[in-house]
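Novice: Input: one structure, supplied below.
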Ligand SMILES: Nc1nc2c(ncn2[C@@H]2O[C@H](COP(=O)(O)OP(=O)(O)OP(=O)(O)O)[C@@H](O)[C@H]2O)c(=O)[nH]1
Ligand SMILES: [Mg+2]
């Protein structure tokens, strides 16, 4: 579909489709010949629709040409549009115009990008929920509550000599607490929102030869990584995707970790990259060879992971007896480690149970549309956090009897932060950053 938008859209369209202005009015699709504006050659037959602003996606006059598609046809029609006086749209420009013309707020515009980029069912639903505008409404209510508190405080500033009673500190604090509660409720949705958008990253970590690559292959169900009996087979990191219900998991295989890699710079680099990957994971699966059990090297690895989420996979169950397996599980439990899998990565036993464990860990099950997170964008989360900090500051100042001016300043800034989420007062830079993520044509 080739879309023209702006004051000249209909004029350009008329040069491509004879009699368009007359025939195409009324938001009806019509089958038309598309011709070259100068030499008149027929380029395609297309379904054509005119939408006169402001009742259009962008709020401007819009002409849409549904061509037969295919790169050559589309290129010919676009070329004809340019010849007739249009210019190429920049990424996300239609949605930017929709925002600038008040057709949607900024959070809704970002949801359009989320919808286009959605890689999983969960991501699609979360973006759609954001597009339906629920966030703007919730934020509007919080903002109004802030403005009411602000009015109380500022009244004392504007009329210092009037017979106004002292600032009702306790009731105002209660109102700020209510605002904080609402901000926290929104912020608490952010991790689930981010998870839905981006999916989760699960990193397989462990000593060489414990079966990390075999496990990656078993989890994703195809031969993705080289498996070999010599230790140090995997040198770089590699990833593959696994779809769990509506959620996308990225499974990352890494180089084995062993001491004494100093002699081999490439292996040392691989080990370092593995640790970096682990430190950016949503979950680290520490793979243990049951033949050797949990060793001091595993213990050292664990200590390098800080407060990362870690679970253990006891691999090679086919090579040991039940007693050894139980002993290793007890050992893990004694260290406070969750055992998420008992697998034979090569034989396949326990792999589906491990997948179920991952699903339970990340997928909250079926979630009704109205209960999907409203906050999933990092920008929104940051603004909410900023506003929250300012409300906390205002509350503290109020409690300590600091001047009304300082209290008012914090609350005012908090409202500015909240408004920026839906796009009020955002700078060109921010807009450019947001819309550069879009593709052309949206
Ligand atoms: N019997 C048995 N063999 C396994 C199992 N998992 C892995 N292996 C074997 O162990 C050897 C090492 O497996 P890999 O998957 O390459 O191990 P890795 O942890 O990726 O090793 P590096 O890449 O060297 O760090 C291979 O010969 C596999 O066939 C298992 O559960 N049972
Ligand atoms: Mg490997």
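The values are calculated or read from the model by the stated rules, or taken from the named source; none is laboratory data. Note that this is a predicted model, so its numbers are computed, not measured. Positions of Cβ are backbone-derived with ideal geometry, glycine not excepted, and every protein chain shown enters the neighbour counts.
Novice: If you go through region 175-220, how many residues are touching a helix residue (DSSP H, G or I) at 6+ places or on another chain (Cβ under 7 Å), near ligand 1 (Cβ under 9 Å from one of its atoms) and in a helix (DSSP H, G or I)?
Specialist: Number of matching residues: 1.
Novice: Give region 270-304 a look and list any residue that's over 23 Å from residue 330 (Cα atoms) and in contact (Cβ under 8 Å) with a residue 24 or more places away in the chain, or say none. Spell out the reasoning first.
Specialist: Going through region 270-304, the residues over 23 Å from residue 330 (Cα atoms) turn out to be 270-282.
Within region 270-304, 270, 273, 274, 275, 277, 278, 279, 280, 281, 282 meet the criteria.
Novice: In region 312-363, which residues are assigned to a strand (DSSP E or B) and either surrounded by 17 or more Cβ atoms within 10 Å (Cβ to Cβ) or within 16 Å of ligand 2 (Cβ to nearest atom) (or both)? Explain how you work it out, then say what you get.
Specialist: Of all residues in region 312-363, those assigned to a strand (DSSP E or B) come to 312-315, 338-343.
Within region 312-363, 312, 313, 314, 315, 339, 340, 341, 342, 343 qualify.
Novice: So if I check each of 196, 268, which one is away from ligand 2 (no atom under 13 Å from the Cβ), at pLDDT below 95 and farther than 23 Å from residue 376 by Cα? Step through it out loud before you land on a result.
Specialist: Numbers: 196 fails: farther than 23 Å from residue 376 by Cα.
Within the list 196, 268, the selection yields 268.
Novice: Further question on the same structure: Does residue 228 qualify as being more than 8 Å from ligand 1 (Cβ to nearest atom), at pLDDT 95 or above, assigned by TED's automatic domain parsing to the domain that holds residue 347 and over 28 Å from the mean Cα position of the chain (by Cα)? Before you say what the answer is, go through the steps one by one.
Specialist: On the way: more than 8 Å from ligand 1 (Cβ to nearest atom): no; at pLDDT 95 or above: yes; assigned by TED's automatic domain parsing to the domain that holds residue 347: yes; over 28 Å from the mean Cα position of the chain (by Cα): yes.
So residue 228 fails the test.
Novice: Just for region 209-240: of the residues that are more than 20 Å from residue 348 (Cα to Cα) and within 8 Å of ligand 2 (Cβ to nearest atom), which one is surrounded by the fewest Cβ atoms within 10 Å (Cβ to Cβ)?
Specialist: Here is the first cut: in region 209-240, the residues more than 20 Å from residue 348 (Cα to Cα) are 230-238.
Okay, now just the ones that are also within 8 Å of ligand 2 (Cβ to nearest atom), so 233-234.
Numbers: 233: 16, 234: 23.
Of everything passing the filter in region 209-240, 233 is surrounded by the fewest Cβ atoms within 10 Å (Cβ to Cβ).
Novice: Within region 104-137, work out how many residues are outside any helix (DSSP H, G or I) and either surrounded by fewer than 20 Cβ atoms within 10 Å (Cβ to Cβ) or over 13 Å from the mean Cα position of the chain (by Cα) (or both). Give the derivation first.
Specialist: The first filter runs over region 104-137 and keeps only residues outside any helix (DSSP H, G or I), leaving 104-105, 118-120, 132-133.
Filter once more, so that each one left must be either surrounded by fewer than 20 Cβ atoms within 10 Å (Cβ to Cβ) or over 13 Å from the mean Cα position of the chain (by Cα) (or both): 104-105, 118-119, 132-133.
Going through region 104-137 one residue at a time, the tally reaches 6.
Novice: Which residue out of 141, 101 is surrounded by fewer than 19 Cβ atoms within 10 Å (Cβ to Cβ), in contact (Cβ under 8 Å) with a residue 40 or more places away in the chain and not assigned by TED's automatic domain parsing to the domain that holds residue 430? Please lay out each step first, then the result.
Specialist: Values: 141 fails: not assigned by TED's automatic domain parsing to the domain that holds residue 430.
Going through 141, 101 in turn, the sole match is 101.
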